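Undergrad: First, the structure itself, so that you have it in front of you.
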Amino acid sequence: MYKYERISRSNNLICVRSFFGKTENNDNFFKKILRKNRKKHNINAVKFLLICLILMASIVAISIALSVAEKGDNALGLSDYDNFIWPVVMQNPESFNENSPAEVDTMVSAAVWKASAEKKDDKSKTNDEGQLVLSFDEVREACESLFDRTFDKKDLTDVNEDYFKFDENKNCFFVESVSGVDNYIPHTVNAYRKDDDIILKVGYVLPSDSFEPDMSGILENNISKYKIYHLKTDKTTGKKYVSAVE
């Protein structure tokens, strides 16, 4: 430690005296000061670099987290989307959206397929004629899970399907055992998030074209056409539904 105390002036040299009584000229004194200042600057530079590295690492971590959150739905796999929209794709619906909803027969038929797929292994749901018996509420719930919309019994007068009928007295749907060989199956080729929607590019494939002879899987030339499906999330249930097809 030094105190600035002028004790002599000789040949323009100013000497200073330390607290410990040591006397030295100004050249030695200022060299020590410069060395100390240089060390401080080096330490500050290292601190600055460390702060920059920490900030960069934080930015990268946040970006990765946001990217994972944005693509989180994709992490489930495109086949999960196929399984969900399959009952809708089978109906080959005309374009619709929330302002212009799907036709009632499309929604009911898709709901019957969905409920049938969920109940097909329940032996108690099969009658003596081999028909699958679904309650009105079961099909209605399936419709709501697919479209976030329901239907009333009066709407069923407009539904004309060969493989099921609704018995108003028993309040049940009687579904025949049929295959879907003439219906399209979905092959989702791309999925991405746009605002609050999940946008799917869905290829329509006939079951007979779903595999090559060598079982190499669905190829581009197996796809008859493409449709864009919009999935929204119900704010109450947190579940996704088909909000639009285009």
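Undergrad: Looking only at the stretch 207-227, which residues are open to solvent by 50 Å² or more (accessible area, probe 1.4 Å), part of a loop (DSSP other than H, G, I, E, B) and modelled with pLDDT of 70 or more?
TA: Ser224
Undergrad: What about Ser116, is it open to solvent by 40 Å² or more (accessible area, probe 1.4 Å) and over 21 Å from the mean Cα position of the chain (by Cα)?
TA: Here the answer is no, as Ser116 does not meet what is asked.
Undergrad: Here's something else I'd like to know. For the stretch 91-109, which residues satisfy the criterion of being farther than 16 Å from Lys153 by Cα and surrounded by 18 or more Cβ atoms within 10 Å (Cβ to Cβ)? Walk me through how you get there before you give the answer.
TA: Residues of the stretch 91-109 that are farther than 16 Å from Lys153 by Cα, as a first pass: 91-102.
Of everything in the stretch 91-109, those that are farther than 16 Å from Lys153 by Cα and surrounded by 18 or more Cβ atoms within 10 Å (Cβ to Cβ) turn out to be Gln91, Pro93, Phe96, Ala102.
Undergrad: Out of the residues in the stretch 72-122 meeting the condition of being of a type in the set (D, E, K, R), within 19 Å of Cys172 (Cβ to Cβ) and touching a strand residue (DSSP E or B) at 6+ places or on another chain (Cβ under 9 Å), tell me which one is modelled with the lowest pLDDT. First the steps, then the outcome.
TA: Looking only at the stretch 72-122, we keep the residues that are of a type in the set (D, E, K, R), and these are 73, 80, 82, 94, 98, 103, 105, 114, 118-122.
Within this subset, residues satisfying the condition of being within 19 Å of Cys172 (Cβ to Cβ) are 105, 114, 118-122.
Those left that are additionally touching a strand residue (DSSP E or B) at 6+ places or on another chain (Cβ under 9 Å): 119-120, 122.
Numbers: Lys119: 92, Lys120: 87, Asp122: 92.
Out of the qualifying residues, it is Lys120.
Undergrad: On to the next question. Could you list, in sequence order, the residues of the stretch 140-163 that are closer than 30 Å to Asn222 by Cα, at pLDDT below 95 and open to solvent by less than 50 Å² (accessible area, probe 1.4 Å)?
TA: The one that is closer than 30 Å to Asn222 by Cα, at pLDDT below 95 and open to solvent by less than 50 Å² (accessible area, probe 1.4 Å): Tyr163.
Undergrad: For Asp137, only one of the following conditions fails: (1) open to solvent by 30 Å² or more (accessible area, probe 1.4 Å); (2) modelled with pLDDT under 95. What is its number?
TA: It is condition (2) that Asp137 fails.
Undergrad: Please verify whether Tyr192 is touching a strand residue (DSSP E or B) at 6+ places or on another chain (Cβ under 7 Å), under 20 Å from Ile228 (Cα atoms), open to solvent by 70 Å² or more (accessible area, probe 1.4 Å) and aromatic (Phe, Trp, Tyr), treating the condition exactly as stated. Quick ask: steps written out before the conclusion?
TA: Values: touching a strand residue (DSSP E or B) at 6+ places or on another chain (Cβ under 7 Å): yes; under 20 Å from Ile228 (Cα atoms): yes; open to solvent by 70 Å² or more (accessible area, probe 1.4 Å): yes; aromatic (Phe, Trp, Tyr): yes.
Yes.
Undergrad: Does Asn190 count as assigned to a loop (DSSP other than H, G, I, E, B) and within 35 Å of the chain's Cα centre (by Cα)? Break it down stepwise before answering.
TA: Details: assigned to a loop (DSSP other than H, G, I, E, B): no; within 35 Å of the chain's Cα centre (by Cα): yes.
No: the conditions fail for Asn190.
Undergrad: Right, here's the next one. Counting just the residues of the stretch 235-246 that are touching a residue at least 40 places away in the same chain (Cβ under 8 Å) and out of contact with any helix residue (DSSP H, G or I) (no Cβ under 9 Å at 6 or more places or on another chain), which one comes out least open to solvent (accessible area, probe 1.4 Å)?
TA: Restricting attention to the stretch 235-246, the residues satisfying the condition of being touching a residue at least 40 places away in the same chain (Cβ under 8 Å) are 239-246.
Cutting the leftovers down to out of contact with any helix residue (DSSP H, G or I) (no Cβ under 9 Å at 6 or more places or on another chain) gives us 244, 246.
Values: Ala244: 13, Glu246: 111 Å².
Here the residue is Ala244.
The values are calculated or read from the model by the stated rules, or taken from the named source; none is laboratory data. Since we're looking at a predicted model, the values are computed, not measured. Methodologically, a virtual Cβ is constructed for each residue, glycine included, from the backbone with ideal geometry; neighbour enumeration extends over all protein chains shown. Keep in mind that these areas ignore ligands, DNA and RNA; they rest on the heavy atoms of the full protein, side chains included. Shrake-Rupley method; radii C 1.70, N 1.55, O 1.52, S 1.80 Å.
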